[in-house]
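Written out below as structure tokens is the structure these notes cover.
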Amino acid sequence: MSLLVVGSVAFDAIETPFGKVDRTLGGAASYFALAAHHFTPVRVVGIVGEDFEDEHEAVFRNRPIDLAGLERAAGKSFFWSGVYSQNMNERTTLVTDLNVFATFSPKLPKSYLDSRFVFLGNIDPTLQRSVLKQMKQKPKIVGLDTMNYWIGGANEELRKTLKLVDILTINDDETRQLTGEHNLLKAAKHILRMGPSTLIIKRGEHGALMINKKFMFAAPAFPLEEVYDPTGAGDSFAGGFMGYLAGAGKVTEQSLRSAMIYGTVMGSFTVEKFGVERLASVKRRDIDARARVFAKLTAFKLK
Ligand code: AMP
């Protein structure tokens, strides 16, 4: 089933203990689309500037990624720069230049209006809601990502938007900030009263935890020898997760559990190289092979 994503398409400068890149294609919607299109066609809504050229668009070409909703505007694309701590568990943002993103107001092409699965990437919650308002029919599933900036600065708007959301993906700090609860299970119960019926707490190298009213499911991070750059892992997780669900076309306990595995697998590819490099080269057979290893890694029988 069709999957729409709205979010940033950006240039990033990234420094980790393993190296540095000055300007590489990034943005939440880029990672999301490159992860999700292996499972279902993806429709992108975003904005870029005149510095987004053919060579940058090339990475999306010859894949089921529709860029009809990627607006071109005068000026520069969104630019973000960050540096990671020695153990890569902490990230400091050095620069956020909104550029063309500052006046972004998502406009959905007609061909997108029937999307059945929608992912509202981390942008202003009012704009996230405006995407839903434009849809011809209520989507089957709406996912949402947000961050501390909006939880603190646009709390009321975010709460309004959350009422329209089925699946919320945030990290553990954001879960605590949104609810004022330190304990993640108590915080989850709180969030399940705000609108979403499923919460996914992303916990970096500790994996991800899914909680809804019926069941809980935990997936560890995939153990890797080479981790070069964690940027985009969360967006790739969301792309694998939502892509798998939209591809399956149904939301059941089984499909949600499998989606957690494919989300984890897509995040694990992203961190193996800088920017989108590894994600852009991965093949469906690599994804399935890693998912099978993951199934063995976590399988056990109670005697
Ligand atoms: P993640 O590592 O999954 O949190 O995502 C990192 C990506 O998010 C980078 O490629 C950035 O370009 C993008 N990004 C960083 N800050 C923002 C922001 N405030 N709004 C939208 N996208 C952002």
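The values are calculated or read from the model by the stated rules, or taken from the named source; none is laboratory data. Since the structure is predicted, the reported quantities are computational estimates derived from the model, not experimental observations. Counting neighbours? That spans all protein chains shown, and the Cβs are built from the backbone with ideal geometry, glycine included. Note: accessible area is taken over every heavy atom of the protein model, side chains too, but ligands, DNA and RNA are not part of it. Shrake-Rupley method; radii C 1.70, N 1.55, O 1.52, S 1.80 Å.
When the stretch 244-263 is limited to residues that are among the hydroxyl-bearing types (Ser, Thr, Tyr) and in a helix (DSSP H, G or I), the one that is most open to solvent (accessible area, probe 1.4 Å) turns out to be TYR244.
Of ILE65, ILE47, all but one fail to be at pLDDT 95 or above, within 16 Å of the ligand (Cβ to nearest atom) and under 18 Å from the mean Cα position of the chain (by Cα); the exception is ILE47.
Among residues belonging to the stretch 73-89 that are among the polar types (S, T, N, Q) and open to solvent by less than 70 Å² (accessible area, probe 1.4 Å), point out the one that is farthest from the ligand (Cβ to nearest atom).
SER85
Results for (1) of a type in the set (A, V, I, L, M); (2) within 16 Å of the ligand (Cβ to nearest atom), shown as yes or no for each residue.
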site: SER197; (1), (2): no, no
site: LYS213; (1), (2): no, no
site: VAL227; (1), (2): yes, yes
site: ASP235; (1), (2): no, yes
site: GLY249; (1), (2): no, no
site: THR252; (1), (2): no, no
site: THR270; (1), (2): no, yes
site: VAL282; (1), (2): yes, no
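Summed over the stretch 90-147, the residues that are more than 20 Å from the chain's Cα centre (by Cα), more than 12 Å from the ligand (Cβ to nearest atom) and hydrophobic (A, V, I, L, M, F, W, C) give a count of 3. Among the residues of the stretch 225-243, those identified as of a type in the set (Phe, Trp, Tyr) and open to solvent by less than 30 Å² (accessible area, probe 1.4 Å) are PHE237, PHE241.
Please list, ordered by first then second residue, the pairs with beta carbon atoms under 7 Å, 6 or more apart or interchain, first in the stretch 145-169 and without any contact (Cβ under 8 Å) to a residue 12 or more places away in the chain, second open to solvent by 50 Å² or more (accessible area, probe 1.4 Å) and near the ligand (Cβ under 10 Å from one of its atoms). From the stretch 145-169, no pairs qualify. Could you give me the residue pairs with C-beta distances under 6 Å whose first residue belongs to the stretch 210-234 and is within 28 Å of GLU253 (Cβ to Cβ), whose second residue is open to solvent by 40 Å² or more (accessible area, probe 1.4 Å) and in a loop (DSSP other than H, G, I, E, B) wherever it lies, and which are 6+ apart or on separate chains? Filtered contacts from the stretch 210-234: ASN212/SER197. Of THR298, THR252, all but one fail to be modelled with pLDDT under 95 and of a type in the set (Val, Ile, Thr); the exception is THR298.
For the stretch 7-26, the set of residues classified as within 11 Å of the ligand (Cβ to nearest atom) and over 21 Å from TYR262 (Cβ atoms) consists of SER8, VAL9, ALA10, PHE11, ASP12, ALA13, ILE14, THR24, LEU25, GLY26, listed by residue number. On inspection, ARG292 does not qualify as assigned to a helix (DSSP H, G or I) and touching an Asp or Glu at 6+ places or on another chain (Cβ under 7 Å). Annotation note: Cβ proximity below 9 Å between a residue of the stretch 98-110 that is open to solvent by less than 70 Å² (accessible area, probe 1.4 Å) and a residue that is in a helix (DSSP H, G or I) and within 14 Å of the ligand (Cβ to nearest atom) (sequence gap 6+ or interchain) occurs for PHE104/LEU127; SER105/LEU127; PRO106/LEU127; PRO106/GLN128.
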